[in-house]
1. Could you tell me whether LEU148 is touching a helix residue (DSSP H, G or I) at 6+ places or on another chain (Cβ under 8 Å), at pLDDT 95 or above and farther than 30 Å from ARG310 by Cα?
2. Restricting to the stretch 111-137, and then to whatever is of a type outside the set (Asp, Glu) and surrounded by fewer than 24 Cβ atoms within 10 Å (Cβ to Cβ), can you tell me which residue is modelled with the lowest pLDDT?
3. I'd like the residue in the stretch 267-324 that is β-branched (Val, Ile, Thr) and surrounded by 23 or more Cβ atoms within 10 Å (Cβ to Cβ) and, out of all such residues, is nearest to VAL30 (Cα to Cα).
4. Among (1) under 17 Å from GLY31 (Cα atoms); (2) in a strand (DSSP E or B); (3) not hydroxyl-bearing (Ser, Thr, Tyr); (4) not assigned by TED's automatic domain parsing to the domain that holds LEU50, where does ALA191 come up short?
5. On the basis of being surrounded by fewer than 24 Cβ atoms within 10 Å (Cβ to Cβ), in contact (Cβ under 8 Å) with a residue 24 or more places away in the chain, small (Gly, Ala, Ser) and over 14 Å from ARG19 (Cβ atoms), does ALA106 make the cut?
6. Looking at (1) out of contact with any Asp or Glu (no Cβ under 8 Å at 6 or more places or on another chain); (2) closer than 15 Å to PHE190 by Cβ; (3) crowded, with 23+ Cβ neighbours inside 10 Å, which one does LEU251 not meet, given that it meets all the others?
7. Just checking, which of ALA112, ALA122 is in contact (Cβ under 8 Å) with a residue 60 or more places away in the chain, out of contact with any helix residue (DSSP H, G or I) (no Cβ under 7 Å at 6 or more places or on another chain) and of a type outside the set (Lys, Arg)?
Amino acid sequence: MSADRATAPAPGTASVTVRAPAKVNVQLAVGGRRADGFHALATVFHAVSLYDEVTASTLPASASGEQGTVRITVSGADAAQVPTDGDNLAARAATLLARRAGVPGAVHLHIAKDIPVAGGMAGGSADAAAALLACDRLWGLDTPRATLLELAAELGSDVPFSLVGGTALGTGRGERLTPVEVGGTLHWVFAVADGGLSTPAVYAECDRLRRTDGGGDGEADVPAPEAAPELLAALRAGDAKAVGAALANDLQPAALSLRPALAATLRAGREAGALGALVSGSGPTCAFLAEDAEAAGRLATALEASGTCRAARTATGEVPGAVLLAAADSP
């Protein structure tokens, strides 16, 4: 597998570009650790208008080498932090699809990053979902949607939602999705931290904190997770204040334990008028809900001035999942 950092696909090749959004977990309820090491979840995913774009292009015969070659290049924000080998989730998506379809699978995937890396916003999952759609179109497979969702679930718990988008309740490991109605546009600000947090490390810390608090961390020790009725009602009504009051993340104590400085970020956002604040997923990005676009702009300015984050990004939700942007044939 070859790797470069910022080389876009060569002109004159067949290519397909797909865009996929970031997500925020407006609720993340985490059950006890299962025998397989995973945790049962009840999480309300919400897709927001920060995007990665993945362009899948045919590799020239001279570059494709052996069957199954996947070349990864990356540009944009934090590109240097994105793996360009077989650990890249987009590369794994292309390989899995090719194997299931019985096609050679040689492809160049160029990832234009704008979603924070290792920030709890499913950037890698967005890339995988985009790669599945882009390669499916590039290779002319016309894979049924249900099959793509099955492949997405094999790749990771968040990947199916990156395909679907909108707002949805995720159960199981988060891969079983039920649509959730949202009555209006929500306005968000995301405070991006320096560096990332490992999702497995955050879950392990959640388990440790539960044991330290005198309880257990297994399925029998922790109540089964479920979506909060008040949150679902607030989303249906489009009541931003009620949504802000209902935001919840069971992983937040673990993220704060591993990255104590995030407490100052959350405090700065609340003091600047956020309707609600929480660590996004496993962190370290912090999410803040604002009343409207103007309030979101003011909040982002205040967060950047606070010195508690590397950058503050505004976004809206909900937005669609992975969508085709462009397709070009070889001349």
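The values are calculated or read from the model by the stated rules, or taken from the named source; none is laboratory data. Computed from a prediction, not measured in an experiment: that's the story for all the values here. When we count neighbours, we look across all protein chains shown, and the Cβ atoms used for this are built from the backbone with ideal geometry, even at glycine.
1. Values: touching a helix residue (DSSP H, G or I) at 6+ places or on another chain (Cβ under 8 Å): yes; at pLDDT 95 or above: yes; farther than 30 Å from ARG310 by Cα: yes.
Yes: the conditions hold for LEU148.
2. Within the stretch 111-137, the subset of a type outside the set (Asp, Glu) is 111-113, 115-126, 128-135, 137.
Then keep just the ones that are surrounded by fewer than 24 Cβ atoms within 10 Å (Cβ to Cβ); that gives 112-113, 117-118, 137.
Details: ALA112: 97, LYS113: 95, VAL117: 85, ALA118: 78, ARG137: 95.
So, considering only residues that are of a type outside the set (Asp, Glu) and surrounded by fewer than 24 Cβ atoms within 10 Å (Cβ to Cβ), the one modelled with the lowest pLDDT is ALA118.
3. Initial filter on the stretch 267-324 (β-branched (Val, Ile, Thr)): 279, 285, 301, 308, 314, 316, 319, 323.
Now restrict to residues that are surrounded by 23 or more Cβ atoms within 10 Å (Cβ to Cβ): 279, 285.
Values: VAL279: 14, THR285: 19 Å.
Applying the filter and picking the extreme gives VAL279.
4. Of (1) under 17 Å from GLY31 (Cα atoms); (2) in a strand (DSSP E or B); (3) not hydroxyl-bearing (Ser, Thr, Tyr); (4) not assigned by TED's automatic domain parsing to the domain that holds LEU50, only one is false for ALA191: (1).
5. Working: surrounded by fewer than 24 Cβ atoms within 10 Å (Cβ to Cβ): yes; in contact (Cβ under 8 Å) with a residue 24 or more places away in the chain: yes; small (Gly, Ala, Ser): yes; over 14 Å from ARG19 (Cβ atoms): yes.
Judged against the criteria, ALA106 is a match.
6. (2)
7. Details: ALA122 fails: out of contact with any helix residue (DSSP H, G or I) (no Cβ under 7 Å at 6 or more places or on another chain).
So the residue among ALA112, ALA122 that is in contact (Cβ under 8 Å) with a residue 60 or more places away in the chain, out of contact with any helix residue (DSSP H, G or I) (no Cβ under 7 Å at 6 or more places or on another chain) and of a type outside the set (Lys, Arg) is ALA112.
Residues checked against (1) surrounded by fewer than 23 Cβ atoms within 10 Å (Cβ to Cβ); (2) of a type in the set (S, T, N, Q):
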residue: PRO160; (1), (2): no, no
residue: THR171; (1), (2): yes, yes
residue: ARG176; (1), (2): yes, no
residue: GLU181; (1), (2): yes, no
residue: LEU186; (1), (2): no, no
residue: ASP194; (1), (2): yes, no
residue: LEU209; (1), (2): yes, no
